[in-house]
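Report on the structure given below.
The values are calculated or read from the model by the stated rules, or taken from the named source; none is laboratory data. The shown structure was predicted, so the numbers you read here are calculated from the model rather than taken from an experiment. Ideal geometry is used to build each Cβ from the backbone, glycine not excepted, and the neighbour counts take in all protein chains shown. Quick note on the areas: whole protein, heavy atoms, side chains included, nothing else; ligands and nucleic acids left out. Shrake-Rupley method; radii C 1.70, N 1.55, O 1.52, S 1.80 Å.
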Amino acid sequence: MKIRPFAVEEWMNAWETGAKYNIAETCVDSVSLNELFELTGEDKEKFLEDFCEKRLTYGDIEGYPEFKKGICKLYKTIKPEEIVPTHGATGANHHVFYSLISPGDRVISIRPTYQQLYSIPESYGADVQIIDLKKETGYLPDIEEIRRLATPETRMICINNPNNPTGALMDTELLKEIVEIARSVDAYILCDEVYRHLTQSDEWCVSITDLYEKGISVSSMSKVFSLAGLRLGWIATHDKDVIHSCFSHRDYNLISCGMFDEKVAALALKHSEKLLERNRKIVRDNLAILDEWVRKEKHVSYIKPEAGTTALVYYDLSVDSYMFCEEMYRQTGAFVTPGDCFEQPHSMRIGYACDTETLKKGLNAVSEYINWKLEEQRNA
Ligand SMILES: Cc1ncc(COP(=O)(O)O)c(C=O)c1O
């Protein structure tokens with residue numbers, strides 16, 4: 001099976017470790033186990049002692065009940081038996097395609113987004129139709145285009161809400177319109193919701209599972225709960241056939257998720273409100289800082305994100321985005337992601353949910369590089 005290289009992951013793998021100011025990361029500032037215990041007020045010694053007594057079997061094949069109970073709190077209508085734990089949201093997205101997509105199926109997807117959502121179905125021989133999200137329409141999909149592309153052959157519509165990299169947020173009305181189209185052709189909707197709950201207002205951010213019986217929600221512990229190191233995610237849906245198919249396929253590539261990971265995740269989700277409070281504060285405070293920088297820095301522009309942890313920031317210099325990001329990294333240590341990883345030339349993705357000092361210093365370093373580059377171009 002051939003698959004296109006995963007542009008954003010290749011970029012992160014190559015440069016992330018040595019970055020001085022990492023403002024490319026998409027997780028809300030990750031926490032250590034010590035910080036997690038401090039934040040939740042749980043007894044670390046007791047937790048570790050109890051765990052050390054346990055024999056390391058495969059654990060609960062269909063997921064640790066307390067972990068699934070914690071996930072249910074994040075949805076309005078999802079029950080434990082409607083959840084399939086996976087290896088991160090990466091594993092969840094992959095697993096949905098692996099379980100449900102066959103060669104020739106039509107899959108409608110969007111771009112820019114996390115590349116899995118179009119490159120995996122393409123690699124399985126699906127007829128992938130891309131909807132380009134445009135800056136002019138706030139990176140929201142054109143409903144008429146979805147309607148035109150949706151045919152009886154359409155097996156799945158893939159969306160990502162809130163969106164990585166743009167931070168665009170589809171509201172309930174727009175989601176309902178997509179649901180109505182999907183229902184008319186009996187297609188699934190896969191909604192990658194890894195940034196759900198990271199909103200700029202306190203309104204409940206709806207899940208596709210609250211709106212559609214064939215809606216499939218994918219999420220994880222990585223972004224909203226700052227625990228990417230657990231490598232734990234899930235698929236949630238009311239569709240019993242999907243749950244059955246996913247578990248059946250999962251026997252071939254996972255069996256179960258790790259006992260320790262699920263136990264830590266259960267503890268974190270028991271205190272989800274505390275983690276959410278911390279993380280919403282970070283995304284709200286930091287977006288204000290990013291927004292002020294964009295307003296002051298004459299050579300950049302963006303559509304202000306409505307949710308999530310990332311923004312797509314355009315610059316007006318005549319240099320391609322890989323060159324821009326690589327040269328800036330080498331000169332200043334500021335690490336962002338080239339817009340070309342998302343097929344968005346002359347832009348960079350900034351992850352603004354890192355610790356606030358790193359964000360401030362990183363943005364200063366971007367300005368420093370822009371000024372240097374302008375000077376160089378003037379002297380050329
Ligand atoms: C939209 C989206 N989905 C999935 C993932 C992968 O998340 P996880 O760490 O849970 O595998 C990412 C990570 O950047 C993402 O942005």
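Worth a mention:
- Summary value for the chain: 25 percent relative contact order, contacts being C-alpha pairs under 8 angstrom separated by 6+ residues.
- The share of C-alpha pairs in the chain whose separation exceeds 36 Å stands at 23 percent.
- For the range 295-344, accessible area per residue (1.4 Å probe, heavy atoms of protein chains only), Å²: 41
- The order of the peptides 114-124, 28-38 by mean Cβ neighbours within 10 Å, most packed first, is 114-124, 28-38.
- On the principal axes of its alpha carbon atoms, the range 19-157 extends 58, 40, 31 Å, with the longest extent given first.
- With 18 Å as the limit on Cα-Cα distance, the pairs of LYS54/LYS263; LYS20/LYS361; LYS44/LYS69 that go past it are LYS44/LYS69.
- Hydrodynamic estimate: the Kirkwood radius of the range 310-374 over Cα pairs, inserted into Stokes-Einstein at 10 °C and 1.306 mPa s, corresponds to D of 136 µm²/s.
- Accessible-area composition of the range 1-91, carbon plus sulfur, in percent [1.4 Å probe]: 51
- Packing, as the average of other Cβ atoms within 10 Å across residues, places the peptides 317-325, 368-376, 67-75 in the order 67-75, 317-325, 368-376, highest first.
- Rounded D (µm²/s) - the range 140-292, Kirkwood Rh over Cα pairs, Stokes-Einstein at 4 °C, 1.567 mPa s: 76
- Shown here is the pair-distance distribution of the range 215-296: with all Cα-Cα distances grouped in 5 Å bins from zero up to the longest one, the shares run 3, 12, 16, 17, 17, 13, 8, 6, 4, 2, 0 percent.
- In a reduced charge model with +1 at each Lys and Arg Cβ and -1 at each Asp and Glu Cβ, the chain shows a dipole moment near 120 debye about its Cα centre.
- Charge-dipole axis of the range 53-181 as Lys and Arg at +1 and Asp and Glu at -1 on Cβ define it, positive-most pick from ILE61, LEU140, HIS94: ILE61
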